[in-house]
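Engineer: I'd like to ask you about the structure that follows.
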Amino acid sequence: MNWFEALVLGLIQGLTEFLPISSSGHLEIANAIFSLKPAESFYFTIVVHGATVLSTLFVFWQEIKKLIKGAFQFKMNEEMNYVGKIAVSMIPVVVVGLFFKDIVEGMFQGNLVATGIEFLITALLLALAH
């Protein structure tokens, strides 16, 4: 991967992460456009997602600190309630990660048909939510 491809992929990640669209899906499309092999872009994808996590932690640090303080009071308060909701929202990811690992990994192997179908599903869910 050259610097231009890295720049474009980084911009795609940064511009799409906080929109209700798949930043990972858009990275897969860009990888296909640049003819990058999944093995070539795997670590770069991890790095840009990690950078997104760090930037999110930086921007929301005050709110996160308040949640952590409230949760460690070990009594039911607004913060503990919110942390509980976050924990419950992670259950589907854990289930998918444990039981469908191979299927999910296969979706990140340059399969643009699967990516397109996932985009259509997302579009349908967004339209239904509207």
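Engineer: With 10 Å bins from zero, work out the P(r) of segment 65-130 over every alpha carbon pair and list the percent per bin.
Structural biologist: With 10 Å bins starting at 0, P(r) equals 18, 25, 29, 22, 6.
Engineer: Please report the relative contact order for the chain, taking Cα pairs under 8 Å with a sequence separation of at least 6, and give it as a percent rounded to a whole number. Could the numbers behind the result be given before it?
Structural biologist: On the way: 64 pairs, mean separation 35.1, N = 130.
Answer for the chain is 27 percent.
Engineer: Give me the extension gain from residue 100 to residue 120: residue separation times 0.36 nm, minus the current Cα-Cα distance, reported in nm with one decimal. Spell out each step's value before the answer.
Structural biologist: Values: separation 20, 0.36 × 20 = 7.20 nm, distance 2.08 nm.
Between residue 100 and residue 120, full extension yields 5.1 nm more.
Engineer: For the chain, with only Lys/Arg (+1) and Asp/Glu (-1) charged at the beta-carbon, what is the dipole magnitude about the Cα centre, in debye rounded to 20?
Structural biologist: For the chain, the charge dipole is close to 480 debye.
Engineer: Treating the angle as unsigned and between 0 and 90°, give the value, to the nearest 10°, between the Cα long axis of helix 61-71 and the longest Cα principal axis of the chain.
Structural biologist: Tilt relative to the chain: about 50 degrees.
Engineer: What accessible area per residue, rounded to a whole number of Å², is obtained for the chain using a probe radius of 1.4 Å? It would help to have the intermediate numbers written out before the result.
Structural biologist: Working: 9790 Å² over 130 residues.
On a per-residue basis, the chain sits at 75 Å².
Engineer: Right, next: In 10 Å bins starting at zero, report the fraction of Cα pairs in the chain per bin as a rounded %.
Structural biologist: Spelled out bin by bin, the chain gives 10, 30, 34, 20, 5, 0 percent.
Engineer: Just add up the charged neighbours of residue 86: K/R +1, D/E -1, any other residue whose Cβ is under 14 Å from the Cβ of residue 86. Let's see the in-between values first.
Structural biologist: Values: positive: 66, 85; negative: 63, 78, 79.
So the surrounding residues net to -1.
Engineer: What residue among 18, 72, 58 shows peak mean-square fluctuation when the chain is described by a Gaussian network model with Cα springs under 10 Å?
Structural biologist: 72
Engineer: Restricting to DSSP H runs of at least four residues, report the calculated mean residue ellipticity at 222 nm for the chain, -39500 (n - 2.57) per run over all residues, nearest 500 deg cm²/dmol. Write out the running numbers ahead of the final one.
Structural biologist: Working: 8 runs with 104 residues, N = 130.
After summing the helix terms and dividing by residue count, I get -25500 deg cm²/dmol.
The values are calculated or read from the model by the stated rules, or taken from the named source; none is laboratory data. Keep in mind the model is a prediction, meaning the values are calculated, not measured. A quick note on method: Cβ atoms are made from the backbone with ideal geometry, for glycine too, and the neighbour counts reach across all protein chains shown. Ligands, DNA and RNA are stripped out before the accessible areas are found, and what is left, the full protein with its side chains, is counted by its heavy atoms. Shrake-Rupley method; radii C 1.70, N 1.55, O 1.52, S 1.80 Å.
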